[in-house]
Amino acid sequence: MLAYLLSSDVIPNGVRSGSLIIIFILSVFFDRSVWLGMDYLISFITGLALFIVPQHLLQFQIFGTLDSHHYILARALGVVILSNVLYCYLVSNSRDGTVHISYLSSKSASLCLMLLAGAHAVYGTKATSKPRLTDEQFLSFSGLACLLSLLGNIYHLALSKDYSSFPNYHIRFHMHLRLDFLISCTRAIAIYAFPIMAMKALNVKQDVVSHTLLRFIASEDILASLISLQAGTFLYEREKTIKMYCRIQSSITQILFFSYVCFFSNLNVSHSVFYLYCGLNILLILNAAFSLTESAMLIHDYRSPSKNGKDDNIDHSWFEARKTPEKVTKQLFT
């Protein structure tokens, strides 16, 4: 309902922009947990609206007529957003500050890519192309929302004092995390940089809206891959294993969705492209499954951290060092 009201074409741009700014002000200057909670909520509403009623979030920002191709891409974007929100929800109560820092920095990189894609769609394309993004509605809704979210993330990153230089135990698990980053980020960058080739492979109509939606999907995928890259610095095994569980869920969901698009929709998708994309997702699933199998003993032995932030799987001296930064320097260079 919130997404429908803010995206309704009968609402003036000033009211829509003012509503987003008020939501931003009411949440950004509170504690980081409040800001993250609002970010998760808005991301969940956006992803759900894109998946269920994409026409309400797209049509008022578009000059021209949308068709089923655009709605399929919008629903794919909603699937990726909801997959990322699931991971964020599962680790939202983590006492490890590096988990939240990793999300904020990864989300900032993703938002920068979305802003670049939006700027290219509005200012870097021919004004006569149809369908195309309309300057006023797109900038006052999607563009402004991405910009405010980016500013809020940077604000809380600047205020953060969490310590992240923790010694890397469990090297094998970290290698699986880095492999997850390598595969998923390479795939996302390829889609972001070459949307025209991806559109031709999918046999989707070439236009600005399709390219922008595809770049948004790649931006969300880069968000998930950057979290995998930084997950090795998380202090607790729980958050690392949750990331791998969510990777399995996300990959299976994408395979099911792409299978529907390939075999049951009106798109004549090349089967070779389908097998390539599903093959990459299967690699991600196998990598995550192997990492979880190897760390089964760690999962079994894991104990929830106590209120003082200590855990049996962690060298307690490093927690004490977090309180006094000069001890950290002394430990690193002695």
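Based on what the data block shows, is residue 103 modelled with pLDDT of 85 or more, of a type in the set (Phe, Trp, Tyr) and surrounded by fewer than 21 Cβ atoms within 10 Å (Cβ to Cβ)? So residue 103 fails the test. For the residues 73, 57, 77, 50, the requirement of being in a helix (DSSP H, G or I) and without any contact (Cβ under 8 Å) to a residue 40 or more places away in the chain singles out 50.
Answer yes if at least one residue in region 282-297 is over 16 Å from residue 180 (Cβ atoms) and surrounded by fewer than 23 Cβ atoms within 10 Å (Cβ to Cβ), and no otherwise. Within region 282-297 (the criterion being over 16 Å from residue 180 (Cβ atoms) and surrounded by fewer than 23 Cβ atoms within 10 Å (Cβ to Cβ)), the answer is yes, since at least one residue qualifies.
Considering 90, 77, the condition of being touching a Leu at 6+ places or on another chain (Cβ under 7 Å) and either at pLDDT 85 or above or of a type in the set (D, E, K, R) (or both) is satisfied by 77 alone. Of the residues making up region 232-244, those that are of a type outside the set (A, V, I, L, M, F, W, C), part of a helix (DSSP H, G or I) and touching a residue at least 60 places away in the same chain (Cβ under 8 Å) are 232, 233, 237, 238, 239, 240, 243. Note on region 140-166: residues that are modelled with pLDDT under 85, hydroxyl-bearing (Ser, Thr, Tyr) and surrounded by fewer than 20 Cβ atoms within 10 Å (Cβ to Cβ) amount to 4.
Scanning region 16-26 for residues that are assigned to a helix (DSSP H, G or I), over 20 Å from residue 91 (Cβ atoms) and modelled with pLDDT under 75 turns up at least one hit.
If we scan region 83-92, do we find a residue that is crowded, with 18+ Cβ neighbours inside 10 Å and part of a loop (DSSP other than H, G, I, E, B)? For region 83-92, residues crowded, with 18+ Cβ neighbours inside 10 Å and part of a loop (DSSP other than H, G, I, E, B): present. Of the residues making up region 199-231, those that are under 20 Å from the mean Cα position of the chain (by Cα), over 28 Å from residue 95 (Cβ atoms) and without any contact (Cβ under 8 Å) to a residue 60 or more places away in the chain number 0. Pairs meeting the criteria (first residue in region 254-270 and under 15 Å from residue 76 (Cα atoms), second residue among the charged types (D, E, K, R), beta carbons under 8 Å, at least 6 apart or on different chains) are 257/75. Summed over region 167-182, residues that are at pLDDT below 85 and outside any loop (DSSP other than H, G, I, E, B) total 9.
The values are calculated or read from the model by the stated rules, or taken from the named source; none is laboratory data. Note that the structure is a prediction, hence the values are computed from the model and not measured. Note: ideal-geometry Cβ built from the backbone for every residue, glycine included; neighbour counts use all protein chains shown.
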